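Values in this text are rule-based calculations from the coordinates and carry no lab data. On a predicted model such as this, the values are computed, not experimentally measured, just so you know. Note that we place each Cβ from the backbone using ideal geometry, even for glycine, and neighbour counts take in every protein chain shown.
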Protein chains: 2
Amino acid sequence: MSLDIPERGDGDDERGGRGRSDWAYDMLHEAIREGTLEPGQRVMEPEVSAWLRISRTPVREAMRRMQAEGLLEHAPGGGLSVALYDLRAIGEFYATRESLEGTAAALAARNADDTERRILASTLDAMRKLPDAPRAHARENQALHEQIYQAAHNRFLLKSLRTLLNFVPLLGRTTYHAPGRAEVALREHEAIVAAIQARDPAEAEAAARLHIRHAYESRVHVVTEDIRAAAERRSARRPSPGPGERGSARRPPAKDGS
Amino acid sequence: MSLDIPERGDGDDERGGRGRSDWAYDMLHEAIREGTLEPGQRVMEPEVSAWLRISRTPVREAMRRMQAEGLLEHAPGGGLSVALYDLRAIGEFYATRESLEGTAAALAARNADDTERRILASTLDAMRKLPDAPRAHARENQALHEQIYQAAHNRFLLKSLRTLLNFVPLLGRTTYHAPGRAEVALREHEAIVAAIQARDPAEAEAAARLHIRHAYESRVHVVTEDIRAAAERRSARRPSPGPGERGSARRPPAKDGS
DNA sequence: GTCAATACTCGTGTATGCACGAGTGTGCAG
DNA sequence: CTGCACACTCGTGCATACACGAGTATTGAC
C-alpha cells in the first residue's frame, strides 16, 4: 500500500510541529474568524475532513473541542453548527466580560511585577504609533489585554477569559470599525495601565469596566450596521429565499489546488 | 466474530441514553470526585479503555474534554494526568469564583423572574431541614448556587461558572467538613437570597462575595488538615519513599467483576 | 564495574471500517 | 391529488489497525 507516506502534493500543510488535531482546530477557528464559516452554518465531519485532507478523527477532536468552548453547538438535526449570536447574547457576553476584565485589571494592579509593568507601558507606546488599520489596532488591543490577564497571576481567571474571548470571532468585524473607536480606546487603555502602574486596584477595575462598557456600545453599533447591511443584500439578491441549500458545491473553503 | 453485539456481561453499564463518550466523561469525573484518581496521577487511554470496557475513541474524547476544562493537564512524560492543585491555585480559584459568583448574584437580583425567586426560597427552606451529613449539605448547596446562576440569565456567565466549578472535585473533601460551616453557610445563603428577593444587586453581590470568601477560609482549613493527615500517613507507612511505582497492578479502579 | 548503544515496550496520533439512526425522497394505494 | 409506507442516503458514534516516538531495559565494549 502506498499510504505509508502521507505524500500530500499540496505545499499548504505548513502547520507547526503540532498534530493534525490542533491544526484542524486552528483552521476551523480561522475559517470562523474569516467568515468562511458563518454563524448558524452546519459543520459536518466528512466535509471538513475532505477540505483539510485528513481523516475524520482529528477533525472530530477539533470539533468537540470547539463545542466544549462554545464555538460550535448542537445543531437541530443532531450534528454541530457554528454558534449563533443574537443581540441579547452579545449583551450577556459583555456583561460577563466586564466582570472578568475588571477583576483582571484589579488583580494586575495588585500583583504585576516590574517586568510586566514595563511590558504594559511599551505595548501602550506601540499602540500610540499605530496606523489607521482596524486589524492592526485589534491585534495590539488583544495583546495588551492578554498582558493584563497574565499580570493578574491567576490561572483560573486567565482560562476563563481566554475561553470567553474565543467567542469574539463570532461577533463579526472588530469594534475598531466603529468611527473614532481607536482614539477613545487608546485613552481608556491609558487609564487602565496608569491605574495598574499606580497599584490602585479599585481604579484599575473601574477603568477596565468602563472600557468594556464602551466596547459594548461600539459592538452594538457595528453589529446592528452589519445586520442591516446583510438584510439589504439579502433582499436585493433573492426575492424568495429558497430553503433548499442542498446543492453540490457548498460553502466550505475551496481549498482545492486546482 | 461475536463483536456485532456488545454483549457486556456486567450489569454496570447503566448509562443514560447518551453515548459512551459522555458516559466515560462521567465515570472519569466520578473517579476524580471519589478520589480513585488522585491529583497528579497519570491517566492513560488504554488503561481507562480497559477499565470501562470500551474502545479508546470515546475515552480519548472524554479525556480531551477534561483537558479543555482543566481537569487533566499535560503530564511531564507527554500524556495526561489529573491536574495538581497547590494552595496558591486554591487562592486563585476562589478569587475568580468570588468575582463570578458576585456577578451572578447581582444579575440574579436584577433578572430573576417570580418562578425563580420561588424556587430559590424553597431550596433555602429545604436546606434548613437538612441532617448533619456533609454530603447532603454539599449537594443542596450546589443546587442553590446553580439556581442563582440560572436566575442571572447570562449564558456566558453560566458557562464560565460551570467550567470553573468543575475544578472543585480536585480540591478534596467538601468545605462542609469544617466544623460549624453548615450553620454559617446557611446564614450566608439566606442573606444572598434575601438580597435577590429584594431586587438589590449591590447587596446580593456583596453577600455572595462574602460567602465565597468564607468558603475559601473553610477550604483552606480542610485542605491543610488533609495535607497534614496525608503527610502523617505517609511517614508512618513507608520510611523511604521508593520512586519506582512501575509494578503490575496500578491504582485505577479495580472494576473487575472478579 | 561503568558507560554507551541498541532493541523493545508502550502510549499516543491518525486512519479506516462498520453499524445505527434520523431525515428524505419515492412509489403505491386510496 | 393526497397520504402513508418503505427504502435509501448520509452523518455520527464506536471500534480496530497501524505507525511513530519517547522512555527503558538489556547487552556489549572498554
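A compact table of results
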item	result
Tail weight of P(r) past 25 Å, computed on alpha-carbon pairs of region B:87-235, percent	27
Region A:165-239 - Rg (one decimal) and Dmax (whole number), Cα, Å	16.5, 59
Using a 7 Å Cα-to-Cβ projection, residue B:38 label spacings across copies, nm, ascending	5.6
Efficiency of FRET from Cβ geometry, residue B:232 and residue A:88, R₀ 60 Å, rounded to 0.05	0.65
For region B:146-189: rounded, prolate or oblate by the Cα gyration tensor [a/c cutoff 1.5]	oblate
Summed side-chain charge close to residue B:172 - residues other than residue B:172 whose Cβ falls under 12 Å, Lys, Arg +1, Asp, Glu -1	-1
Trypsin sites (Lys or Arg not before Pro) lying in DSSP loop within region A:52-82, provided at most 15 other Cβ fall within 10 Å	A:53
Cα gyration tensor category, rounded, prolate or oblate, for region B:123-166 with a/c compared to 1.5	oblate
Cα Rg over Rh - region A:20-84, Kirkwood	0.92
Exam field: residue B:115 pseudo-label spacings to other copies (7 Å along Cα-Cβ), nanometres	5.4
Copies compared at residue A:210 - label distances in nm, ascending, label defined 7 Å from Cα in the Cβ direction	2.9
Loop sites in region A:101-193: trypsin sites (Lys or Arg not before Pro), DSSP, at most 16 other Cβ within 10 Å	A:129, A:173
Long-range HN-HN contacts of residue A:80 with modeled amide H, under 5 Å	A:43, A:75
Integer Hz, Karplus 6.51/-1.76/1.60 couplings in order for region B:27-41, x for Gly and Pro	5, 5, 4, 5, 4, 6, 4, 6, x, 4, 9, 8, x, x, 6
